[in-house]
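Input: a single structure, listed below in structure tokens.
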Amino acid sequence: MVELITGLRAEQVRANLERVRTEIVEAGRDPESVQILAAVKYVPLEELGVLAEAGLTLLGENRAQDLVAKAQAYPGTFTWDFIGQLQSRKVRQVLPHVRYIETVASDSALAQLGRHGTPTTEILVEVNVAGEQGKGGVAPGELPGFLERSPAKVVGLMTMPPLAPEPEASRRHFAALRELAAEHGLTELSMGTSQDYLVAVQEGATIIRLGTGLYKPAEGSGAS
């Protein structure tokens, strides 16, 4: 069982946030062009105030019920994206609280968006760029038709590449997503986690989803 992340300190999180921003600059990108999303699946509601104190404003939650609870507990403090596996029956629940649903990948989800969203509801389509069996996401070849069927406004694409021991292994998948987005005139690219975000930034990510990379003690901090 994964343990919850507790005992966060604002100065520690802030130092990690500044380190990531510096790395974005060193990668040749304008830090204003890359949004840093804090993944808070394992961060309890009572710790979120620390993230606000540290300067984080964009959070992502994997579970619909937790997103609703956390968003309601901190009204107006954060912008929220839904980043977990999307069950179509949860669309109605999360829509009032999110900027984007980043993981739309089924016709049943599209049907719920048509029922409960509006033409201005903004989403990202999850793409299975590597063609992994049993993994969520629209196949690249099916993307054009999926975009045409969407009743919501698709603003970008999201992907999770295969697990790999080295970040460099993700590069071709990130590049493929960037090319797909360019083909369809989409501007948002949500790709890269704490393991491979620098490669994602180099390949054009506009949103990186970070968890442990933001919460662990900063190097040289002396924290145990």
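Quick look at the numbers
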| quantity | calculated |
| --- | --- |
| The stretch 77-158 - charge dipole about Cα centre, Lys and Arg +1 at Cβ, Asp and Glu -1, debye rounded to 20 | 340 debye |
| Descending principal axes extents, the stretch 135-223, alpha-carbon based, whole Å | 53, 25, 23 |
| Tilt relative to the chain, helix 107-116 - C-alpha long axis, 0 to 90 degrees, to 10 | 80 degrees |
| Extension gain from Gln87 to Thr6, taking 0.36 nm per residue of separation minus the Cα-Cα distance | 26.4 nm |
| Gain in span if fully extended, Thr120 to Thr77, counting 0.36 nm per residue against the direct Cα distance | 13.2 nm |
| Charge sum, other residues only, whose C-beta stays under 11 Å from Leu147's C-beta, Lys/Arg counted +1 and Asp/Glu -1 | -1 |
| Net dipole in debye of the chain [+1 Lys, Arg Cβ; -1 Asp, Glu Cβ; about Cα centre; nearest 20] | 620 debye |
| For the chain, projected area of the alpha-carbon convex hull averaged over all directions, nm² | 12.5 nm² |
| Under 27 Å from the Cα of Lys216 - lysines, other chains or at least 8 residues apart | Lys41, Lys70 |
| Label-point gap, in nm, between Gln65 and Ala175 - each point 7 angstrom along Cα→Cβ | 4.4 nm |
| Which of Ile36, Ile123 has the fewest Cβ neighbours within 10 Å, and the rest in rising order | Ile36, Ile123 |
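We did not get these values from a lab; they are worked out from the coordinates using the rules stated. Everything numeric here is computed off the predicted structure, so don't read it as measured data. Every residue, glycine among them, receives a Cβ derived from its backbone with ideal geometry; neighbour counts consider all protein chains shown.
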